[in-house]
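Novice: My questions will all concern the structure given below.
The values are calculated or read from the model by the stated rules, or taken from the named source; none is laboratory data. Please read these numbers as outputs of a predicted model, since none were measured by experiment. Neighbour counts are summed over all protein chains in view; Cβ atoms, including those assigned to glycine, are modelled from backbone coordinates with ideal geometry.
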Amino acid sequence: MALLAQGIDYFGTDGFPLTARRVRTEPGGRPSHPHDVTERDHYHDFCELVLVLGGRGRHVLEGESFPVGAGNVFVVQGNQVHSFRDREALVLVNVMYDPARLPLPEGLLRRLPGYSALFMLEPSFRSAHRFSSRLQLDRQELGMAEALAERIERESAEKSPGHEAVLLGLLVELMAFLSRHYGESDVRESRALLEMGRLVSALEQRYAEPWTLAQMARFARVSRTHLLRVFRQATGKPPIDYLIGLRVEAAKRLLRQSALNMTEIAHQCGFGDSNYFARQFRQATGRTPTVYRRAGRA
């Protein structure tokens with residue numbers, strides 16, 4: 001039976017939900033740190049960004065086995081059962097973070113096609129792609145990623161004043177660094193994920209345009225059926241619902257920060273008219289735009 005690795009054991013009872021741990025292959029299989037469950041089947045109540053620094057081994061994920069070696073970078077989502085076996089001088093850095101408890105600027109990160117591909121899509125398609133869509137860094141790139149992970153580990157351990165802000169900044173920098181490099185991949189399977197990442201990025205920045213499902217499919221160079229399946233796997237929502245969510249969030253900002261009337265806000269956010277805008281806004285938030293604006297100014 002798989003073991004649940006709980007964030008409280010790594011972050012502390014009231015700690016900032018972001019840390020890093022280096023894992024080495026120790027003689028006799030000794031653990032590298034308290035709560036080291038590397039060789040046991042386990043899952044998390046947080047996410048884990050894995051940097052393979054050296055050596056080799058097998059990553060067993062959801063019952064399937066994939067070889068890993070220096071330069072491999074991949075994300076393990078919380079509910080995925082995994083372990084590392086047959087370790088030969090394998091050295092990892094695990095960056096552990098709880099996205100549900102961190103104020104990550106995901107809207108900005110999703111403007112990077114590589115972020116959507118690496119952090120949202122690749123974990124779901126790892127089995128289908130036989131791990132070929134992972135990120136592979138060269139020695140210099142890996143050294144730069146390792147340096148950021150080491151700073152996360154140090155800041156988390158020392159807990160100096162302001163360490164929470166520093167930790168968040170380091171994680172965002174690491175995510176952006178890795179996403180940029182993933183965006184340069186020429187591996188066929190990675191390119192397929194990046195096409196979908198490009199669509200997510202375009203929607204984040206061009207939500208006011210009159211997108212249709214057919215246009216989205218053409219943009220991502222896939223069929224409509226494939227788009228619907230893959231997009232939902234990546235984001236948890238159908239493409240049109242995701243787009244409406246972006247428009248509603250944009251409308252919230254304008255309602256709080258501007259004096260524009262409802263018709264002007266509707267058009268700026270991509271809604272056809274103020275009545276349609278009001279219906280979609282209420283369905284998403286449980287309040288009318290007018291009530292939301294009043295509450296924000298109270």
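Novice: From the list L102, L142, exactly one residue is in contact with a Gly (Cβ under 8 Å, 6 or more places away or on another chain), of a type outside the set (V, I, T) and surrounded by fewer than 22 Cβ atoms within 10 Å (Cβ to Cβ). Which is it?
Specialist: Details: L102 fails: in contact with a Gly (Cβ under 8 Å, 6 or more places away or on another chain).
The conditions single out L142.
Novice: If the Cβ limit is 9 Å and pairs must be 6+ apart or interchain, which residue in segment 223-252 that is free of Cβ contacts under 8 Å to residues at least 12 places away in the same chain and under 15 Å from F125 (Cβ atoms) pairs with which residue that is among the hydrophobic types (A, V, I, L, M, F, W, C) and assigned to a helix (DSSP H, G or I)?
Specialist: From residues that are free of Cβ contacts under 8 Å to residues at least 12 places away in the same chain and under 15 Å from F125 (Cβ atoms), the pairs are H226/A217; H226/A220.
Novice: From G143, G107, which residue is touching a residue at least 60 places away in the same chain (Cβ under 8 Å), in a helix (DSSP H, G or I), farther than 26 Å from V37 by Cβ and in the same structural domain as D45 (by TED's automatic domain parsing)?
Specialist: G107
Novice: Let me ask something else about it. Got a sec? Which helices (runs of 4 or more DSSP H) wholly within segment 200-273 have at least 1 residues that are under 25 Å from L118 (Cβ atoms)? Please lay out each step first, then the result.
Specialist: Working: elements: 213-220, 224-235, 239-257, 262-268.
Once the helices (runs of 4 or more DSSP H) in segment 200-273 are filtered for at least 1 residues that are under 25 Å from L118 (Cβ atoms), what remains is 213-220, 224-235, 239-257.
Novice: If you take just the strands (runs of 3 or more DSSP E) that sit entirely in segment 1-97, which of them hold at least 1 residues that are polar (S, T, N, Q)? Talk me through it step by step, then tell me what you get.
Specialist: Numbers: elements: 3-5, 18-24, 42-44, 47-61, 64-69, 72-76, 82-97.
Once the strands (runs of 3 or more DSSP E) in segment 1-97 are filtered for at least 1 residues that are polar (S, T, N, Q), what remains is 18-24, 64-69, 72-76, 82-97.
Novice: Hey, could you check segment 257-291 for residues that are out of contact with any Asp or Glu (no Cβ under 8 Å at 6 or more places or on another chain) and hydroxyl-bearing (S, T, Y) and say which is farthest from K237 (Cα to Cα)?
Specialist: Top of the filtered list is S258.
Novice: Out of G69, G107, G63, which single residue is more than 19 Å from the chain's Cα centre (by Cα) and at pLDDT below 90? Explain how you work it out, then say what you get.
Specialist: On the way: G69 fails: at pLDDT below 90; G107 fails: more than 19 Å from the chain's Cα centre (by Cα).
The conditions single out G63.
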